[in-house]
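Q: Take a look at this one; I'll ask things after.
The values are calculated or read from the model by the stated rules, or taken from the named source; none is laboratory data. Values in this document were obtained by computation on a predicted structure and should not be read as measured data. When we count neighbours, we look across all protein chains shown, and the Cβ atoms used for this are built from the backbone with ideal geometry, even at glycine.
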Amino acid sequence: MFLLTILYRFHKLAASKEFNGFLKFKMAIEDFRYLLDREYDRESALKFVGDHYQLNKQFRLILYRCVYGFKKALEHKEKKVLKQDVCGRRIGIDGYNVLITVESSLQGKLVIFCDDYFVRDVSAVHGKHKITPVTLKALRLIAKTLKNLKPKSVGLFFDSQVSYSGKLASLAKEIFLDEGLKGDFLAVKQADNQVLNYGDIAVSSDTVIIDRVEKIFDLAEEVLRKWKLVKLLNLRRVSHIREIYKILLKKL
């Protein structure tokens, strides 16, 4: 009986700590939004909120990539085009941006539906990407999705600074051509500029690109929804915030 009492108290304490941690994470999200709404510098606001709530690197990354002030979120949303708008258009694709998000979903990693209505992973692996069987599966799903959208041509660009980007571009070309997709498949020094200048619509969830274009398509979101790869967690839903917190807690 004594042992059961001790175990009960231990689990109750653990549950209490988890709930308090979730509340701290939720308040950090709200405070970060508050500061961004008042046009505080993003990096400075993140440091202030992160230090105040003692957030680790992973929690800070989620805030940085996924939380936006109302004005900026609306600006991004208004630039986002629907999947039917891709038909007959030339599209420039931010290769690693789309690929890594789809790979993350296939690996069961966190993928979040962000405040600005774009889908983003929080894996932070861009500069050290490796080609694996998951990469090939992700490329096939991306190509099959694009085939159904019927773009006029595709420009798929990978950052050449990343190891094996040339090989990746060649693999992508082979897979995309098999699906009847025409275009350019290249590893280049300034992938962002190629994406911006290729055609009618840019394809990325990178804020740097979104801020510089008039029309943007979230191909990764379309792939994830079409093939039902993962549950998209939304930072504006309290239940989803708690789910995200629990997932991250398991990794600590």
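Q: Name the residue that is nearest to the chain's Cα centre (by Cα), counting only residues in region 212-226 that are among the hydrophobic types (A, V, I, L, M, F, W, C) and either outside any loop (DSSP other than H, G, I, E, B) or outside the structural domain of Gly108 (by TED's automatic domain parsing) (or both).
A: Here the residue is Ala220.
Q: What number goes with the only condition from (1) farther than 17 Å from Arg212 by Cβ; (2) of a type in the set (Phe, Trp, Tyr); (3) buried (at least 18 other Cβ atoms within 10 Å of the Cβ) that Tyr68 does not pass?
A: Tyr68 satisfies every listed condition except (1).
Q: Report whether or not Ser205 is buried (at least 16 other Cβ atoms within 10 Å of the Cβ) and within 20 Å of the chain's Cα centre (by Cα).
A: yes
Q: Go through region 14-37 and count every residue that is exposed (fewer than 15 other Cβ atoms within 10 Å of the Cβ) and in contact (Cβ under 8 Å) with a residue 24 or more places away in the chain.
A: Adding up the residues that qualify gives 3.
Q: Something else: Tell me whether region 118-125 contains one or more residues that are over 30 Å from Lys246 (Cβ atoms), buried (at least 16 other Cβ atoms within 10 Å of the Cβ) and among the acidic types (Asp, Glu).
A: Of all residues in region 118-125, those over 30 Å from Lys246 (Cβ atoms) come to none.
The answer is no; no qualifying residue exists.
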